[in-house]
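Inspection log for the structure reproduced underneath, given as structure tokens.
What follows is calculated from the coordinates using simple rules that are stated; it is not laboratory data. Just so you know, these numbers come straight off a predicted model, no measurement behind them. With ideal geometry, Cβ positions are generated from the backbone for all residues, glycine too; neighbour counts draw on all protein chains shown.
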């Protein structure tokens with residue numbers, strides 16, 4: 001009987017150590033998988049959710065995640081339709097981001113680069129407000145190059161960095177958000 005209890009105890013310890021090893025391997029695999037996720041993957045997993053993107057100390061853009069590409073995310077206003085395009089490089093923090101993710105190959109994400117989506121907005125002749133690291137400007141996109149865009153500013157009566165009716169070139173690297181007006 002005593003040997004039976006010893007064997008039962010050893011079997012129990014072995015089963016416990018085996019479970020602990022499986023749990024440790026599983027946690028390691030989960031961490032390794034999470035290490036491969038990009039912000040774009042996480043934002044794809046949030047399509048249809050309302051988020052607030054922090055683009056600096058004071059600039060915030062809120063909306064429902066509509067479309068996500070490798071370089072940018074499009075947010076929709078409450079009534080639908082695109083309201084803002086934000087370069088992912090400008091995102092500092094995200095409020096409301098769920099923990100799930102969707103990889104690019106698992107999602108019908110947009111293959112368009114930032115320049116392509118900006119050319120689409122320019123073609124529509126939409127009035128936009130550009131938030132940049134150097135200030136804000138409201139106007140219509142006049143031209144889009146490989147790494148910069150020209151905007152013809154409009155007089156809005158708001159205090160802005162640039163006066164109205166001026167053509168300004170903005171580097172993509174300085175672009176924090178484009179909001180449709």
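If each residue of separation counts as 0.36 nm, what is the full-extension length gain between residue 15 and residue 112 once their alpha-carbon separation is subtracted? Working shown, then result.
Values: separation 97, 0.36 × 97 = 34.92 nm, distance 5.24 nm.
Stretched out fully, the residue 15 to residue 112 stretch lengthens by 29.7 nm.
Taking the number of other C-beta atoms within 10 Å as the exposure measure, put 70, 58 in order starting with the fewest.
Details: 70 14, 58 6.
Ordered from fewest to most neighbouring Cβ atoms within 10 Å, 70, 58 come out as 58, 70.
Full extension of the segment from residue 146 to residue 173, taken as 0.36 nm per residue of separation minus the current Cα-Cα distance, would add 8.6 nm. Sorted largest first, the spans of the alpha carbon positions of segment 39-180 along the three principal axes are 45, 28, 28 Å. Of the residues 86, 73, the one with the fewest other Cβ atoms within 10 Å heads the list, and the complete ranking is 86, 73.
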